[in-house]
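*Asks:* Okay, handing you the structure first.
The values are calculated or read from the model by the stated rules, or taken from the named source; none is laboratory data. Source: prediction; values computed, not measured. Glycine also receives a Cβ, built like all others from the backbone with ideal geometry; neighbour counts cover every protein chain displayed. Side chains are part of the model used for accessible areas, which takes the heavy atoms of the whole protein and leaves out ligands, DNA and RNA. Shrake-Rupley method; radii C 1.70, N 1.55, O 1.52, S 1.80 Å.
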Amino acid sequence: MIEKSKTTALEIIQKYEPIEEVRKEQQMSVEGFTRYMASPECLLFKHECGRVYQDMTHPLNDYFISSSHNTYLVSDQLVGPSDLWGYISALVKGCRCLEIDCWDGAQNEPVVYHGYTLTSKLLFKTVIQAIHKYAFKTSEYPVVLSLENHCSPSQQEVMADILQTIFGESLLSDMLDDFPDRLPSPEALKFKVLVKNKKIGTLKETHERKGSDKRGKVEEWEEEVPDLDLEDDESKELEISDNILKDDQDTETEAKKARGVTLFKKKKTRKVKIALALSDLVIYTKPEKFRNFQYSRLHQQFNENNSIGESQARKLSKLKVHEFIFHTKKFITRIYPKAIRADSSNFNPQEFWNIGCQMVALNFQTPGLPMDLQNGKFLDNGSSGYILKPQFLRDVKSNFSPNQVKDTSPITLTIRLISGIQLPIINSSSNKTNTLVIIEVFGVPNDQIKQQTRVIRNNAFNPRWNETFTFIIQVPELALIRFVVENQALIGGNEFLGQYTLPLLCMNKGYRRVPLFSRTGESLEPASLFVYVWYVR
């Protein structure tokens, strides 16, 4: 039972018992008890996890950061519409890193859309206005605008003017005095907007130019020409990222000779013109092309971060997991979906959270398991969009690997799935729903497991299972628990009815109510499960 003192019990009676005579006798009727069990106090999710309770004074690279991919899209990646709702809904969900693809538009007005596709266009100005309105509605912690910038210098200057005019003092445009050589904390950056864009020069040079007239001042940035033939070939992607150090020919040659690696043909590069006005708005979120882990250790600056495609990241996580984790302890690393996901499908984000990647960017418009995990993970810490990574993913002396777990404090989790109430039904004219529940654990590979109940036939109103499941979880700090309710179908596999996902360490013990959500994330109240939960280390 949920342990409550007599004083607390009396408070519960006073709050939830509707019958005055029963209340005076300091007792509780069935109606009162039902009201109590249906209240927020009896939810599975811990009340304290619903507020910001973690230490928010660590540097940004110590946090998982809720991140979206091509945020302006609300459908597929090729012909679907671009819509402001993409930004609004992401921000309402606590997303803290938004992607904006910027292109030259008519009448010197930059536009946002997925370049070289038939997706519709939005004015950059209206996108920034929408972000400004909703940026801090859900969370007061910093928002990162990841600009994929294809604009000419003149329209880059327009973008800079728009950002400064609309965001005003909220736009971070200079270093914070207290953080000269490391990333500041979410706490230090409250209510701030950070720009992620190609940057010319150092932070010191940017600071020295503060207040000067930058109109018409343009510099060149050299970047690789993307090789589309290699974009989704995992092995070739790995060879390129791991062996070519194109910006330092001497380091490239010596490093390859030392490893006995055959020299590759140098990649083609092109020069891109960058307006100084926009470049100088980039402070702590400067993108840096990922070459390999050795290069990053030697050359990458604290304010530079990498974006790595899912295929390349997956290969690196298998072959060089210790180096990858060491990299994410020092530098913000963003993982994004591969190009062939034209349908806006998503990868499983858990595999990249397991190695400490801060920004695992998903297509927020696409429902399913990956977004269930995303929404569940970021319920924690008050839905602020920032979750402090476990100590073993922050401490440079830690040798943690998700594939070979050692020296952990496992948790034995017991869940008794008792019953359900008013579960969704497939056919509103019939109650012939054959209900079952699957309990899944997502975390390091050894922790990933699922178990399911028997099928209760023709009862979605109040099915009763009374089945107990036990899980031994080696790394509870990374584990998510997902409850899935399904209808057993005779043909074509089971049908999804509802789900709920949350971090293991955000689970209350005792008798608890599990709310259910639809595939698209809407509440299915009053549909819920009734469970008894217990776990010990």
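*Asks:* If I model a spin label at ILE426 and GLN301 as a point 7 Å from the Cα along the Cα→Cβ vector, what separation in nanometres do I get?
*Replies:* Rounded to a tenth, the inter-label distance reads 5.9 nm.
*Asks:* Going by Cα centres, region 107-136 and region 152-168 are how many Å apart?
*Replies:* Region 107-136 and region 152-168 have Cα centres separated by 13 Å.
*Asks:* Is the shape of region 272-358 best called rounded, prolate or oblate, per the rule: a/c under 1.5 gives rounded, else a/b larger than b/c gives prolate, else oblate, with a ≥ b ≥ c the square roots of the Cα gyration tensor eigenvalues?
*Replies:* Oblate shape, in that a/c is at least 1.5 and b/c is the bigger or equal ratio.
*Asks:* Among MET359, ASN446, ALA275, which residue has its Cα furthest toward the positive end of the charge dipole of the chain, with +1 on Lys/Arg Cβ and -1 on Asp/Glu Cβ?
*Replies:* My answer, from the dipole projection, is ASN446.
*Asks:* To continue, here is another question. Roughly how large, in nm² to one decimal, is the mean projection of the convex hull of the alpha-carbon atoms in the chain?
*Replies:* Approximately 29.3 nm², given one-decimal rounding.
*Asks:* May I pose another question? Can you put ASP447, ASP161 in order of accessible area, largest first, using a 1.4 Å probe?
*Replies:* Sorted by accessible area, descending: ASP161, ASP447.
*Asks:* At what distance in angstrom do the alpha carbon centres of region 340-400 and region 449-517 lie from each other?
*Replies:* 21
*Asks:* Further question: Report the calculated FRET efficiency for ASP174 and ARG215 (r = Cβ-Cβ distance, R0 = 22 Å), to the nearest 0.05.
*Replies:* 0.70
*Asks:* With a Förster radius of 45 Å, plug the Cβ-Cβ distance of THR57 and LYS406 into 1/(1 + (r/R0)^6) and report the FRET value to the nearest 0.05.
*Replies:* 0.95
*Asks:* Under the rule a/c < 1.5 gives rounded, and otherwise a/b versus b/c splits prolate from oblate, where does region 1-42 land using the Cα gyration tensor?
*Replies:* The shape class here is oblate.
*Asks:* Rounded, prolate or oblate: pick one for region 476-529, where a ≥ b ≥ c are the square roots of the eigenvalues of its C-alpha gyration tensor, a/c under 1.5 means rounded, and failing that, prolate if a/b is larger than b/c, else oblate.
*Replies:* Prolate is the answer for region 476-529, as a/c is 1.5 or above and a/b outweighs b/c.
*Asks:* Of LYS204/LYS329; LYS286/LYS330; LYS46/LYS192; LYS125/LYS268, which ones are farther than 26 Å apart at the Cα?
*Replies:* Those over the limit are LYS46/LYS192; LYS125/LYS268.
*Asks:* Pick out, in residue order, every one of the trypsin sites (Lys or Arg not before Pro) in region 417-509 that is DSSP loop and has at most 16 other C-beta atoms within 10 Å; say none if there are none.
*Replies:* LYS432, ARG454, ARG457, LYS509
*Asks:* To the nearest 10 Å², what's TYR511's accessible area with a 1.4 Å probe?
*Replies:* Rounded to the nearest 10, that gives 60 Å².
*Asks:* Of all trypsin sites (Lys or Arg not before Pro) in region 279-360, which ones are in loop regions per DSSP and have a Cβ with at most 11 other Cβ atoms within 10 Å?
*Replies:* Here no loop site has a sparse enough neighbourhood.
*Asks:* Have a look at the DSSP beta bridges in the chain and tell me what percent are antiparallel, nearest 5.
*Replies:* Around 75 percent of the beta bridges assigned by DSSP in the chain are antiparallel ones.
*Asks:* Here's something else I'd like to know. Suppose we take every Cα in region 408-536 and form the convex hull; what volume per residue is that in Å³?
*Replies:* 108
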